[in-house]
1. Could you work out what % of the accessible surface of the range 184-333 is carbon and sulfur, using a 1.4 angstrom probe and leaving DNA, RNA and ligands out of the count?
2. Compute a Gaussian network model of the chain, connecting alpha carbons closer than 10 Å, and tell me which residue from 142, 259, 239 fluctuates the most.
3. Using a 10 angstrom cutoff on alpha carbons, build the Gaussian network for the chain and name the most mobile of 167, 125, 97.
4. Residue-wise, which Karplus ³J(HN,Hα) couplings in Hz belong to the range 256-265, taking 6.51 cos²θ - 1.76 cosθ + 1.60, θ = phi - 60°, and x for glycine or proline?
5. When only the heavy atoms of the protein chains count and the probe is 1.4 Å, how do 252, 64 rank by accessible area, highest first?
6. Obtain the nm distance between the two label points defined at residue 59 and residue 224 by a simple spin-label model: each point lies 7 Å from its Cα along the Cα-to-C-beta direction.
7. Assuming R0 = 35 Å, what is the FRET efficiency of residue 241 and residue 173, from their Cβ-Cβ distance, to the nearest 0.05?
8. Pull out the extension gain between residue 216 and residue 32, defined as 0.36 nm times the separation in residues minus the alpha carbon to alpha carbon distance; nm, one decimal.
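The values are calculated or read from the model by the stated rules, or taken from the named source; none is laboratory data. Note that this is a predicted model, so its numbers are computed, not measured. Cβ placement follows ideal geometry from the backbone for every residue including glycine, while neighbour counts extend to all protein chains displayed. Remember, those area values only see protein heavy atoms, side chains included, never the ligands or the DNA or RNA. Shrake-Rupley method; radii C 1.70, N 1.55, O 1.52, S 1.80 Å.
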Amino acid sequence: MTTNSLSTPSAPSGPSGRTSAPPPSPRAKPHTLRSRLQLALKGEKSLAYLLVIPAFLLVGFFAVYPFVIALWNSFSSVDLFTGQRTFVGLDNFIAVVQDPFVLAATWRSVLWTVSNMVLQVIVGVLVAMLLNVNLRGQRFARTLVLVPYMVPAIVAALIFQYMFNDVTGVVNYLMQSTGLIDDPLGWLSNPDLIMTTVVLVNVWKYSPFFTIIVLARLQSVPKDLYEAVSIDGGSWYHRFTTVTLPSIIPVVLAGSLFRTIWTAYDFDIPYLLTGGGGPSGSAITVPLAIRSLAFEAQEYGQASALAIYASLLLALLAAYYLWQMRKSDRRMG
């Protein structure tokens, strides 16, 4: 009886009958920058990189490059006519800190930013809560709220310059007609009132930003949460503190992060409405002080140093906002 045995396939033999060895494996090429770029641009990731590259170029050209130039100028004495730079070290930073003009502008900027943020958040949240209630004419009201945000700054400044005029202004006329004041007020000519006037105009223009984001958040809150609080006997105050407020805090913090930076750097409304800074410079904030140092005093290095100071301060403030946002997310989670 013959037994069939399984045999393993033998390696191919050469002409002389010898078994040929397998070909050697190719040596792995070292990863170079070019090879990594080629690997990254293969497949579906190539479209993502191509879409992101224009954004990086724009940010680099309009944000990173000016910041680097300002940082370079802050350590130099710059001649605006010839463009010649002379390294002076920290002299510009020391001069800015010791300048009473800059210190006064910094204090006004702090008041300007804080008062704007407090009023914009309060007005924006209140209007958003009113627009979230089912009332007649709600769509028209939502459209009307967006009008201040869409009006260009120069148009708003010209309109309010006429409205707050000492002699022909409609604000003084209405207040005198209703008996609120006896004599016209110098809204834009009185050093004690001009900052209040500019803050009110800025709040009118930019409060719709908070109204939009808070209203969008309120419309995404489940109605079941409000019904659960009502079933437990909670009043409108309990519904606000237990449902509405925790829901809108993250978006308010995120919006405050952007609006704080934008408000601190606001140049158009304060400059246009006050004619460059108001009487005796009583409405000059840090952005206006930077302009004054650069183009009036021709201290371009000190202007750059002040801009760097403001950037560092706002970066610290942004870090604080992000920390608060993370805390809020952990509480919500």
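1. 64
2. Taking springs between Cα atoms under 10 Å, the residue moving most is 239.
3. 167
4. Residue by residue, the range 256-265 yields 5, 4, 6, 5, 5, 5, 5, 5, 4, 9 Hz.
5. 64, 252
6. Spacing of the two 7 Å Cα→Cβ label points: 3.9 nm.
7. Here the calculated transfer efficiency is 0.25.
8. 61.4 nm
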